[in-house]
Each structure stands twice: as C-alpha cells, then as structure tokens.
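Engineer: Sharing a structure below in structure tokens format, with a few things to ask.
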Amino acid sequence: MSDAPRYRFAPSPTGFFHVGGARTALYNWALTLRTGGTFVLRIEDTDESRNSPEWTQGIIDALAWLGIDSTHPQFEGPYFQSQNAALHVAAAHKLFEQGNAYWCDLTADQIQARSKETGKQGYDGYSRDRGLTGGPGQVLRFRVPAGQTIVQDLVRGQVEFSNDTIEDFVLLRSNGSPMFLLANVVDDIEMKVSNVVRAEEHLPNTPKQQMIWDALGHTPPIWAHVPVLVNEQRKKLSKRRDKVALEQYREEGILPDAMVNYLMTLGWAPAGDTEIVPWQHIVDEFRLEDVNHSPAFFDIKKLNSFNGDYVRAMSLDEFIAGCAPHLENAPWPAERFNPEVFAQLALLVQTRVVTLSEVPAMVDFVFLENPVIDEDAWTKTMGSDFAINVLRDYAGAITSCEWNHDALKSALESWTEANGLKLGKTQAPIRVAITGRTVGPPLFESIEVLGREETLRRLQAAITRIG
Ligand code: GLU
C-alpha cells in the first residue's frame, strides 16, 4: 500500500466554493478511489486577510455534498497550512544554506528603477552575489539556475520553460512569512504527495515549484493541470461575473449526483453514447490522459438538463425527501401543509421540474388559502369571450360528476366540443382560476387533488372577479 498514490486538494478558504474547485476535487477523488490511493485535504489558510473559518467549514460541507466524505478511509485531513509555518521557514533556511537562495534588500521601487535602466523586465538578480545574511527589509529569493525546466504534465504533455524567463522569485517576504510557492511545495513534501492535479492557472508556478522540489532533494510529483472553466463568452469563470458558487447551485435544487456527473464531463467524456453515467462508472473510466486541453464551457443549461434527468430518475420517496429543504421557506402557512397531499402532487410535478427549488411554486396553489394570481395570466385568459361561460358551466358540470381526473376532463371536453373550441384554450381560464398561473402540473389531476369544494369556491371567486 505504501506505493499507492497520494493525491491532494489544497483550496484556500477565501470565499464560496467555486465550481472549478469542485471539479478539481472530484478529479482527485475519482483517481484516489480507482488507484486505492489517498486524498489529502489541505486548507491553504495563510492569507490571514482573506481567510475565515466559515469558508473552511464551507469547503468541508461542499466536499461532503459532492460525496467526498471526510470519514472515508481514503480521505486524510484536513490539514491546515498555517500550522506548518515553522516547516516552511526551515525549508527556506535550508535553501539559503545550500546556496539555492539568497537575501535581497531591494525595494519594489528600486527594482523598477533598475529594470528601466537595464531594459530587462522584472528582477534582475542584483543581490545574487552581494552576500547579504538576512534581516529587516530583506526578502529571500530563489536562485533560478540557468538552463531549462521541463514539466511533464499528464494533461498537457511535456511543457518546456526556459529558465531565463523566470526571475529569482521570492520565498520569504521581508516580514519573514513564506510565500505560496514555497509553502505549497513544503506541505506537499511533508504530506508525501505523489500526484498534483490542479487548475491550469497554476501551470506558470510549476517550473518554479519543481525547482524547489529538486533543490530540497525530493522527486517532484506527477503533475496534471486541468483546463479552466469558461462562460458562454469563453471568458474564464469569475465570481464577479458568473454564478460560480457551488452553494448556490445546491440551494437552487441541483442534485449532488447531477452536479458531480456534470462537472466530471467538463473536459472529459465517458466512452459510449451517453454522458449521464453512475459515479462508479466514472471512477472506473476516468483518466487524466483523456482530459482535453482546451477550456471547458460551464454550461448551466446543460447542467440543468443533467439535473432534470437525475430528478426523473429518483424514486418518488427520494424526490419527496429531496424537496423537503425547499419546502421550508415555502409561501404557505405551515399549518396548511399536508404531506399526503404533497405526495400526490409530487407525482405530478416530478417530471416537470428541472431543479427541486421549482417545486414550491408548482404546488403552492394547493396549500395557500387563495392562489396568488399572476395578473398577466389573468388578463390574457379571463378577457376572452368564453371565459365567464366556461368557468360557470364547468362549475355546474363538476358539482355532481365523479371525482377523478378522467371525469373532470370529460366534463370540460364536452363543453369545449359543443362550443367548437380546443381544449388547450378552454383549460386556460380554468387553470388561472384554480392555480393563478398559466403553467403548472396537469390540470385535471391538480383539480382532483384540490377537491370539489375548494375547486368550486375558486371557480366562483374567479366568476365574481370577472363579473
Ligand atoms: N491554494 C491554491 C488555490 O486554491 C491551490 C494550489 C494547488 O493546488 O497547488 O488555488
């Protein structure tokens, strides 16, 4: 078991959990499960100004929602980067003692002035041989060797970096605190990480980090940089512009299985003619070598369509249980809610919703004393010549008919035919009178659930309002 790979997921707790982070976590988790390896969760919490414990909890909850369960035997952590600060500093000093790093006291302004003078961009290695020994105002910089750095990446293939394009980068700030590049490597070494699967935006960091791995005497991990997620305009998903918070999708009633399946298909597809496949199938099939290089379009419409499929595949009991959290803030008074009636309605709406958060608005007409009337729908349907007649005659017909949806439908069909109209037309005012809207669950089934007395009361209320 000791050779089993060690993957890791290393988020920074600085905000809502980004769908891109979720995909990276899932890639790591799928690989961990298939290879019998370990998934290490490391919270990179060294940016004190942006961290907060609630974001850390958010990460753990979001992972659990995705099925990455912190009690699973292949899950290790969470570790906290901030607790390893002494190790990061010790590694930096080791690099200094070995000659791989040197102190530098130039300020940002001085660096800029030199750069203007020499015409070379960035820091030019001015302090390499000045023999500074550290102290206030000095940063520790890595001495980038001449030559080339070759990164072998499972997604991107062989990526070559010419070292003269990489400046001597900072390892320790002038206040002594370690930079991300260093802390991230030292933690990976300490946590015996063998495989780094992360977002493509870190690819430019990779040659620098590989140099640190080498200088600290360790074999670098197997790298894989997965393509960024983009929006419809092919712009990188951003939290200012796009809906990126996993939490938001969860609240809107996207099912975790649908989200997991969809995220895994961003840049990768299971073999066969459907992308909708069970998690175990993904675990068996997923290979980084098959992940596409190009940016992946995070298509909310496609996510919704996946979700609709997953909703329809639920058993009725699962669907009802899944709806429960969405009913908590529903618009009806709690005492009017009836779980048995809801179960009858659930059967009617399960095939008609894409996300579970749509459910309350589809069934609220039953649990509200009076349906909320959509005024546009009212104007459109109640203004027609036949509206008042159909409402009145239908009320008459159903006062004594059998109470089931077939009988309720025949009653309207007879009237519709007798008046040379189409059922689609005559249903509309009845639906608005009963539900307040023009769309909703199947009408006659809804009327059956609502009951005779209440249906007649609503038809009468609509007649009075028109009259
Ligand atoms: N903390 C880094 C981030 O959230 C992750 C770096 C890595 O995966 O190596 O972007």
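The values are calculated or read from the model by the stated rules, or taken from the named source; none is laboratory data. All figures in this text were calculated on a predicted structure; none of them were measured in a lab. Every residue, glycine as well, gets a Cβ built from its backbone with ideal geometry; the counts of neighbours run over all protein chains shown.
Engineer: Which is over 18 Å from Trp65 (Cβ atoms), modelled with pLDDT under 95 and surrounded by fewer than 19 Cβ atoms within 10 Å (Cβ to Cβ), of Arg240, Arg287, Arg312?
Structural biologist: From the options Arg240, Arg287, Arg312, the qualifying one is Arg240.
Engineer: So which residues in the range 246-289 are among the charged types (D, E, K, R) and touching a Pro at 6+ places or on another chain (Cβ under 6 Å)?
Structural biologist: Correct list: Glu285 only.
Engineer: Would you call Gly396 modelled with pLDDT under 95, on the phi < 0 side of the Ramachandran plot and not in a loop (DSSP other than H, G, I, E, B)?
Structural biologist: Answer is no for this residue.
Engineer: Taking Ile373 and the conditions (1) of a type in the set (A, V, I, L, M, F, W, C); (2) touching a helix residue (DSSP H, G or I) at 6+ places or on another chain (Cβ under 6 Å); (3) assigned to a loop (DSSP other than H, G, I, E, B), which numbered condition does it fall short on, given that it satisfies the others?
Structural biologist: (2)
Engineer: Sticking with this one: Working only within the range 102-127, note down all residues that are touching a Leu at 6+ places or on another chain (Cβ under 8 Å) and under 26 Å from Ile212 (Cα atoms).
Structural biologist: Tyr102, Trp103, Cys104, Asp105, Tyr123, Tyr126, Ser127, listed by residue number.
Engineer: I need the full set of residues from the range 145-158 which are touching a strand residue (DSSP E or B) at 6+ places or on another chain (Cβ under 8 Å) and closer than 21 Å to Tyr7 by Cα, in order please.
Structural biologist: Hits for the range 145-158 are Val151, Gln152, Asp153, Leu154, Val155, Arg156, Gln158.
Engineer: Of the numbered conditions (1) touching a Gly at 6+ places or on another chain (Cβ under 8 Å); (2) buried (at least 19 other Cβ atoms within 10 Å of the Cβ), Asn163 satisfies every one except a single condition; which is it?
Structural biologist: All conditions are met except number (2).
Engineer: In the range 45-60, what count of residues is obtained for those that are within 13 Å of the ligand (Cβ to nearest atom) and without any contact (Cβ under 8 Å) to a residue 60 or more places away in the chain?
Structural biologist: 7
Engineer: Among the candidates Gln81, Gln74, which residue alone is modelled with pLDDT of 95 or more, surrounded by fewer than 20 Cβ atoms within 10 Å (Cβ to Cβ) and in contact with a strand residue (DSSP E or B) (Cβ under 7 Å, 6 or more places away or on another chain)?
Structural biologist: Of Gln81, Gln74, the one residue that is modelled with pLDDT of 95 or more, surrounded by fewer than 20 Cβ atoms within 10 Å (Cβ to Cβ) and in contact with a strand residue (DSSP E or B) (Cβ under 7 Å, 6 or more places away or on another chain) is Gln74.
Engineer: Quick one: is Glu232 away from the ligand (no atom under 13 Å from the Cβ) and surrounded by fewer than 19 Cβ atoms within 10 Å (Cβ to Cβ)?
Structural biologist: yes
Engineer: To continue, here is another question. Identify the residue in the range 1-32 that is more than 14 Å from the ligand (Cβ to nearest atom) and over 18 Å from Ile282 (Cα atoms) and, among all such residues, is nearest to the chain's Cα centre (by Cα).
Structural biologist: In this case the residue turns out to be Pro5.
Engineer: Name the single residue, out of those in the range 358-372 being surrounded by fewer than 18 Cβ atoms within 10 Å (Cβ to Cβ) and in contact (Cβ under 8 Å) with a residue 40 or more places away in the chain, that is farthest from the chain's Cα centre (by Cα).
Structural biologist: The residue in question is Asn370.
Engineer: Within the bounds of the range 15-30, is there any residue that is at pLDDT 95 or above and among the hydroxyl-bearing types (Ser, Thr, Tyr)?
Structural biologist: Yes, some residue in the range 15-30 is at pLDDT 95 or above and among the hydroxyl-bearing types (Ser, Thr, Tyr).
Engineer: Shifting gears a bit: Which residues, taken from the range 413-439, are surrounded by 20 or more Cβ atoms within 10 Å (Cβ to Cβ) and on the phi > 0 side of the Ramachandran plot?
Structural biologist: The one that is surrounded by 20 or more Cβ atoms within 10 Å (Cβ to Cβ) and on the phi > 0 side of the Ramachandran plot: Gly436.
Engineer: What number of residues in the range 85-101 are within 20 Å of Met211 (Cβ to Cβ) and in contact (Cβ under 8 Å) with a residue 60 or more places away in the chain?
Structural biologist: Number of matching residues: 10.
Engineer: Sticking with this one: Quick check: is even one residue across the range 121-142 under 28 Å from Arg6 (Cα atoms) and away from the ligand (no atom under 16 Å from the Cβ)?
Structural biologist: yes
Engineer: Out of all the residues in the range 190-205, which are touching a Pro at 6+ places or on another chain (Cβ under 9 Å) and either within 26 Å of Lys236 (Cα to Cα) or β-branched (Val, Ile, Thr) (or both)?
Structural biologist: Val193, Asn195, Val196, Ala199, Glu200 - these are the residues of the range 190-205 that are touching a Pro at 6+ places or on another chain (Cβ under 9 Å) and either within 26 Å of Lys236 (Cα to Cα) or β-branched (Val, Ile, Thr) (or both).
Engineer: Could you say whether any residue in the range 199-222 is assigned to a helix (DSSP H, G or I), under 27 Å from the mean Cα position of the chain (by Cα) and of a type in the set (A, V, I, L, M, F, W, C)?
Structural biologist: Yes, the conditions are met somewhere in the range 199-222.
Engineer: May I ask you to list pairs of residues, at least six apart or on different chains, whose Cβ atoms are under 8 Å apart, with the first in the range 378-396 being under 13 Å from Thr464 (Cβ atoms) and the second being in a loop (DSSP other than H, G, I, E, B)?
Structural biologist: Filtered contacts from the range 378-396: Ile388/Gly467.
Engineer: Related question: Could you list all residues from the range 108-145 that are basic (Lys, Arg), assigned to a helix (DSSP H, G or I) and touching a residue at least 12 places away in the same chain (Cβ under 8 Å)?
Structural biologist: Arg114
Engineer: On to the next question. List every residue pair whose Cβ atoms lie under 6 Å apart, where the two residues are 6 or more positions apart in sequence or sit on different chains, the first residue falls within the range 29-44 and is farther than 21 Å from Glu190 by Cβ and of a type outside the set (Val, Ile, Thr), and the second residue, located anywhere, is part of a loop (DSSP other than H, G, I, E, B) and within 16 Å of the ligand (Cβ to nearest atom).
Structural biologist: Matching pairs, first to second residue: Trp29/Ile68.
Engineer: Of the numbered conditions (1) within 14 Å of the ligand (Cβ to nearest atom); (2) out of contact with any helix residue (DSSP H, G or I) (no Cβ under 8 Å at 6 or more places or on another chain), Asn175 satisfies every one except a single condition; which is it?
Structural biologist: Only one criterion in (1) within 14 Å of the ligand (Cβ to nearest atom); (2) out of contact with any helix residue (DSSP H, G or I) (no Cβ under 8 Å at 6 or more places or on another chain) is unmet by Asn175, namely (1).
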